[in-house]
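The values are calculated or read from the model by the stated rules, or taken from the named source; none is laboratory data. It should be emphasised that the depicted structure is a prediction, and the values quoted were computed from it without experimental measurement. Note: ideal-geometry Cβ built from the backbone for every residue, glycine included; neighbour counts use all protein chains shown.
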Amino acid sequence: MMLFFSVKCYAQEIPPIQIFTPQDYDAEDQNWAITQSNDDFIYVANNKGLLEYKGASWKLYNSPNDGILRSVKFVGDKIYSGGFMDFGYWTRDKLGVMLYTSLVDDRNFSIKEDEEFWGIIDVEGYILFQSLERIYIYNILEDSFDIVDSEFRINKIFKVDGSIYFQETELGIFKIENGKKVLIIPEVLLNGNILVNIFNSDANLLLQTKENGFYKFQNGKVSKWVIESNNLLSQLSIYNSIRLKDGSFLLGTIANGIIQLDKDGKKILKIDKSNGLSNNTILSVYEDNFGSVWLGLDNGINIVNLNSAFKVYIDNLGVLGTIYTAAKTDDFLYLGTNQGLFYQPNDSDVKFKQIEGTKGQVWNLSVINGTLFCGHDKGTFLINNTRAEKISSELGSWCIKEIEGHPNLLIQGNYKGLTILEKYNNTWRFRNKINGFNISSRYFEFVDSNQLLVSHEHKGIYKITLDNTFSKVIDYKKLPIKKGVKSGIVKYQNEVLYSNKSGVFNYDNNAESFLKDSILSSLFSDEKYVSGKLFNDRKGKKLWGFSESEMIFVEPGKLSTEPKINVVALSNDVRKTKSGYENILYLSDNDYLIGTTEGFLNVDLNKLVEKSLKVHMNSVRYGALPDELTELDLVNPDPLKNKFNNIRFNYSVTNYNKLSTSKYQSRLIGFYDHWSDWGISPETFYKNLPHGEYTFEARAITDGILSNNIMSYSFTINSPWYFSLIAIILYIILLFLFLYILYFYNKKHYERKQIKVIEKKERELELEQLGNQRQLIQFKNKNLQLDIENKNRELGMATMNLVKRNELLSNIKDELSETKSLADVSKVVKRINKSINNTGDWKLFEEAFNNVDKDFMKKIKTLHPSITASDLRLCAYLRLNLSSKEIAPLLNISHKSVEVKRYRLRKKLELSHDDSLSSYIIEL
């Protein structure tokens with residue numbers, strides 16, 4: 001989509017034109033008919049099908065039989081269309097999609113081979129479909145048809161004041177009455193002219209021909225309508241035409257674009273490819289409900305905003321350059337640009353021409369008392385019609401102002417300060433440079449007869465006092481105000497205003513200070529600020545300012561001291577003005593010229609109409625995945641399953657004036673109740689919405705005017721299955737089951753805990769009993785140990801007694817053996833041996849030994865059954881760890897004999913050579 005205003009550098013200002021290419025609407029080139037619904041939607045019969053446009057995007061509905069659609073007409077609540085061998089109507093279903101119903105199927109008539117339907121007319125409950133051979137009259141109520149046949153080709157069908165006319169070649173013009181055709185103008189009166197349209201003219205017929213202009217049919221006669229444009233029309237081939245709401249005629253040509261004629265036949269406007277259209281072949285023309293004209297072209301679709309308050313002139317060839325200033329005199333319009341000074345006679349279409357000698361940067365044009373001054377980079381020029389006379393060579397003449405009380409003097413700001421011009425011998429000339437101040441003086445205003453303020457955007461504001469002859473500066477000071485890039489100073493209603501990014505300030509000369517004007521400052525907030533340039537329109541009594549999205553003009557209040565503030569919605573992108581060098585020229589009552597970098601705009605404030613548009617819901621799509629969405633009912637949507645929680649809303653306003661921009665806000669009540677920020681996208685997408693009931697709302701703002709409605713759409717996303725009624729009942733059952741299980745578990749846990757407590761008490765009691773038993777056993781063991789110790793002592797004492805006794809006896813025996821009297825000695829020895837071998841002593845020893853080690857004797861007998869009683873005695877003595885020397889007296893044998901017994905015992909015990917007999921006996 002593109003915006004075009006003009007292409008060629010000739011002087012006709014044209015309305016804004018919006019161009020749609022086949023790529024924009026995604027269909028084929030040719031567009032044969034256009035209509036508009038009650039919702040202000042546009043429908044176009046295209047080679048590929050039915051195009052629908054709602055202000056934001058195009059949608060194509062393919063032809064039912066893949067043929068070309070030749071005609072389209074909105075009637076009632078239906079879109080009727082005609083094409084190749086078929087005609088019918090389109091209606092919108094609950095999803096917002098257009099569905100086609102054929103009126104040809106299952107009828108008692110047959111369509112002719114290759115028959116196409118080029119025209120559709122509605123009248124008093126009937127729809128007429130016109131092909132080149134027939135007219136089919138459809139009775140809407142009875143759903144029936146009448147057919148009007150022709151002998152020759154039917155070029156077109158026309159509706160004039162409720163009557164239906166058509167031209168049949170070689171026969172003339174017919175009128176349909178009571179379903180029959182009636183000849184009213186025979187061919188002989190038409191002189192072979194092919195009609196494009198028929199209009200009403202003072203109760204008569206005005207015939208629009210293809211190549212010979214207009215004719216009037218009055219009192220049975222056909223006569224030429226004599227108008228100023230006849231010569232032009234004779235050079236053109238008209239394909240279609242309409243009468244606009246204002247009574248003018250708009251003609252679409254085969255090769256020359258469009259022509260607009262006023263109601264008297266005078267040319268108002270001519271637009272073709274050279275100055276704005278995208279194609280010169282106009283296949284269809286339609287005026288919409290807002291006064292814009294839609295053109296169906298051989299290659300695309302154009303919208304001409306004929307009713308726009310703006311007209312535009314684009315210097316597409318770059319002849320003019322950027323316009324910095326403009327002026328108008330009684331005879332000429334002047335444009336001062338970076339290329340020089342250009343002029344054009346008022347109310348003419350001739351090209352702008354450059355005034356000789358003015359090539360270069362023009363900064364200012366001022367008309368003072370009927371004299372035009374040109375402030376130029378090279379100096380100051382006096383302009384007389386189309387000639388320029390240089391009157392000052394002081395470089396860079398920014399602006400020129402009158403000096404109150406001195407009608408023969410002018411003051412001008414230059415690159416290097418201020419200069420004075422004087423009128424001498426009825427002509428103006430340079431008088432002097434004002435000495436003592438050399439700062440660039442682009443903006444300055446008088447605050448007293450010889451005091452003025454000079455604003456420099458990089459240095460600030462200076463207050464200058466001049467001498468009485470305006471020859472020198474006698475004093476100047478810098479005022480305490482924040483400097484600002486692209487700032488400006490201007491006098492309006494005797495108030496000096498200073499504007500920068502911080503706001504607009506009123507100057508108090510007595511206090512030499514600036515006070516912020518809250519009302520004016522609010523119009524130029526930081527986000528809107530583009531320039532502090534203010535322009536005083538003295539003729540229109542308006543103060544103009546420029547922001548990012550609009551132009552603002554202030555007028556004196558009629559019933560109060562507060563100013564009246566007006567807004568012209570025209571963004572900086574559309575204005576295309578050089579920031580800081582905005583300029584506007586009063587042309588006539590409420591008619592202004594705005595210079596741009598590409599030409600200029602004309603704005604007629606009288607045509608600025610506040611228009612409130614309606615927001616329409618185009619489609620709602622939903623799905624489980626963001627990239628797989630399905631259309632949803634626009635009227636009564638069914639509740640959505642929980643997984644289908646990705647929803648896209650598409651909406652728009654039918655704003656077909658593209659010099660203005662529509663912005664949108666939306667919100668989803670039930671999710672986030674606050675309005676979104678304003679944005680240009682007519683679409684909102686929500687991902688992964690939780691379950692619940694929602695209401696989506698959208699509104700728009702166009703040219704600062706809110707939409708006349710808040711579009712609303714309610715829908716529900718069901719709870720997930722785990723939040724359903726059955727699931728909730730199941731949850732309750734499970735909850736009770738859980739509580740029962742918990743109760744049962746707690747009960748069992750308590751019982752187990754009690755059992756554990758009891759068991760613990762029983763274990764503690766058992767442990768206490770065991771402890772008592774252990775103490776008793778320890779006490780018994782202690783007593784046993786004492787017994788054992790006593791018995792061991794007894795055994796040891798007995799053993800030692802035996803050893804000592806037997807040693808004593810052995811010693812006595814040895815001594816006796818040395819005596820002489822053997823007989824006596826022998827008796828004593830026998831008695832000693834008897835005492836030594838006394839078994840009583842052994843039994844006593846054996847009893848004591850068994851008390852101490854009662855199991856030893858049994859164990860060794862079990863292990864070694866071959867040992868004798870004598871061997872047991874030796875084992876007993878060895879277990880007591882007695883040496884052989886100690887054992888010998890106990891056995892009443894010699895030490896050597898003990899060793900022999902030990903040796904024999906080892907053999908019986910089957911001990912090896914390395915095994916210790918004593919150790920074995922002790923460890924057994």
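Tallying residues that are surrounded by fewer than 16 Cβ atoms within 10 Å (Cβ to Cβ), touching a strand residue (DSSP E or B) at 6+ places or on another chain (Cβ under 6 Å) and under 24 Å from Tyr126 (Cα atoms) within the stretch 185-203 yields 1. Only a single criterion out of (1) over 36 Å from the mean Cα position of the chain (by Cα); (2) under 23 Å from Leu128 (Cβ atoms) is not satisfied by Ala45, namely (1). Of Tyr215, Tyr136, Tyr165, all but one fail to be of a type outside the set (A, V, I, L, M, F, W, C) and assigned by TED's automatic domain parsing to the domain that holds Ile282; the exception is Tyr136.
Of all the criteria given as (1) touching a strand residue (DSSP E or B) at 6+ places or on another chain (Cβ under 8 Å); (2) within 25 Å of Gly623 (Cβ to Cβ), the one not satisfied by Ile710 is (2). From the list Leu659, Leu629, Leu634, the one residue that fits, being outside the structural domain of Arg92 (by TED's automatic domain parsing) and assigned to a strand (DSSP E or B), is Leu629. Given the structure, is Val574 touching a residue at least 40 places away in the same chain (Cβ under 8 Å), under 32 Å from the mean Cα position of the chain (by Cα) and assigned to a strand (DSSP E or B)? In short, no. Of the residues examined, Asn536 is one that is of a type in the set (S, T, N, Q), more than 26 Å from Thr702 (Cα to Cα) and in contact (Cβ under 8 Å) with a residue 40 or more places away in the chain. Filtering the stretch 656-684 to residues that are modelled with pLDDT of 95 or more, in contact with a Ser or Thr (Cβ under 6 Å, 6 or more places away or on another chain) and closer than 13 Å to Ala700 by Cβ leaves Gln665, Ser666, Ser676, Pro682, Thr684. On the basis of being out of contact with any Pro (no Cβ under 7 Å at 6 or more places or on another chain), small (Gly, Ala, Ser) and closer than 23 Å to Gln12 by Cα, does Ala309 make the cut? Answer is yes for this residue.
Looking at Val603, Val574, Val554, Val615, just one residue is touching a Pro at 6+ places or on another chain (Cβ under 8 Å) and either surrounded by 16 or more Cβ atoms within 10 Å (Cβ to Cβ) or under 30 Å from Asn645 (Cα atoms) (or both), and that residue is Val554. For the stretch 858-893, a tally of residues being surrounded by 13 or more Cβ atoms within 10 Å (Cβ to Cβ) and free of Cβ contacts under 8 Å to residues at least 12 places away in the same chain returns 3.
Every listed requirement among (1) polar (S, T, N, Q); (2) more than 14 Å from Gly82 (Cα to Cα); (3) crowded, with 20+ Cβ neighbours inside 10 Å is met by Asn155 save one, (3). Only one of the listed residues (Asn279, Asn240, Asn289) is part of a strand (DSSP E or B) and touching a strand residue (DSSP E or B) at 6+ places or on another chain (Cβ under 7 Å). That residue is Asn240.
State all residues of the stretch 708-733 that are assigned to a helix (DSSP H, G or I), hydrophobic (A, V, I, L, M, F, W, C) and surrounded by 11 or more Cβ atoms within 10 Å (Cβ to Cβ); if no residue qualifies, say none. Matches in the stretch 708-733: Trp721, Phe723, Ala727, Ile728, Leu730. Checked against the criterion of being farther than 20 Å from Ile14 by Cα, surrounded by 21 or more Cβ atoms within 10 Å (Cβ to Cβ) and at pLDDT 95 or above, the candidates Thr371, Thr325 yield just one match: Thr325. If you go through the stretch 218-238 and keep only what is under 29 Å from Thr281 (Cβ atoms) and in contact with a helix residue (DSSP H, G or I) (Cβ under 9 Å, 6 or more places away or on another chain), you end up with Val222, Lys224, Ile227.
Considering only the stretch 516-524, I want to know if a residue exists there that is among the aromatic types (Phe, Trp, Tyr), assigned to a loop (DSSP other than H, G, I, E, B) and out of contact with any Pro (no Cβ under 6 Å at 6 or more places or on another chain).
Scanning the stretch 516-524, I find no residue that is among the aromatic types (Phe, Trp, Tyr), assigned to a loop (DSSP other than H, G, I, E, B) and out of contact with any Pro (no Cβ under 6 Å at 6 or more places or on another chain), so the answer is no.
If only one of Gly96, Gly88 is in a strand (DSSP E or B) and of a type outside the set (Val, Ile, Thr), which one is it? On inspection, the qualifying residue turns out to be Gly88. Residue-level check: of (1) crowded, with 18+ Cβ neighbours inside 10 Å; (2) at pLDDT below 95; (3) outside the structural domain of Tyr43 (by TED's automatic domain parsing), Glu170 misses just (1).
Check Gly125, Gly88, Gly119 and return the single one that is in contact (Cβ under 8 Å) with a residue 24 or more places away in the chain, of a type outside the set (S, T, N, Q) and farther than 24 Å from Glu168 by Cβ. Quick ask: steps written out before the conclusion?
Values: Gly125 fails: in contact (Cβ under 8 Å) with a residue 24 or more places away in the chain; Gly119 fails: farther than 24 Å from Glu168 by Cβ.
Just one listed residue meets the conditions, Gly88.
Scan Lys378, Lys390 and give me the residue that is more than 29 Å from Asn509 (Cβ to Cβ), among the basic types (Lys, Arg) and without any contact (Cβ under 8 Å) to a residue 24 or more places away in the chain. Before you say what the answer is, go through the steps one by one.
On the way: Lys390 fails: without any contact (Cβ under 8 Å) to a residue 24 or more places away in the chain.
It is Lys378.
Tyr586 meets the conditions (1) at pLDDT 90 or above; (2) assigned to a loop (DSSP other than H, G, I, E, B); (3) in contact with a Gly (Cβ under 8 Å, 6 or more places away or on another chain) in every case but one. The failed one is (2).
Quick check: is even one residue across the stretch 505-518 aliphatic (A, V, I, L, M), on the phi < 0 side of the Ramachandran plot and under 40 Å from the mean Cα position of the chain (by Cα)?
Of the stretch 505-518, the ones aliphatic (A, V, I, L, M) are 511, 515.
Pick out the ones that are also on the phi < 0 side of the Ramachandran plot and you get 511, 515.
Subset that is under 40 Å from the mean Cα position of the chain (by Cα): none.
Among the residues of the stretch 505-518, not one is aliphatic (A, V, I, L, M), on the phi < 0 side of the Ramachandran plot and under 40 Å from the mean Cα position of the chain (by Cα), which makes the answer no.
For the stretch 440-456, name all the residues that are outside any strand (DSSP E or B) and crowded, with 19+ Cβ neighbours inside 10 Å. Walk me through how you get there before you give the answer.
From the stretch 440-456, those outside any strand (DSSP E or B) are 440-442, 447-450; that's our starting set.
Ser441, Arg442, listed by residue number.
Residues of the stretch 551-571 that are out of contact with any Ser or Thr (no Cβ under 9 Å at 6 or more places or on another chain) and either in a loop (DSSP other than H, G, I, E, B) or aromatic (Phe, Trp, Tyr) (or both): Phe553, Pro556, Gly557, Lys558, Leu559, Ser560, Thr561, Glu562, Pro563. Just one of (1) crowded, with 17+ Cβ neighbours inside 10 Å; (2) free of Cβ contacts under 8 Å to residues at least 12 places away in the same chain fails for Gly300. It is (2). Once the stretch 537-547 is narrowed to residues that are touching a Phe, Trp or Tyr at 6+ places or on another chain (Cβ under 8 Å) and buried (at least 16 other Cβ atoms within 10 Å of the Cβ), the residue that is modelled with the lowest pLDDT is Gly540. In the set Asn307, Asn316, only one residue is within 28 Å of Asp591 (Cα to Cα) and in contact with a Gly (Cβ under 7 Å, 6 or more places away or on another chain); that residue is Asn307. Here Ser57 clears all of (1) at pLDDT 95 or above; (2) out of contact with any helix residue (DSSP H, G or I) (no Cβ under 6 Å at 6 or more places or on another chain) except the condition numbered (1).
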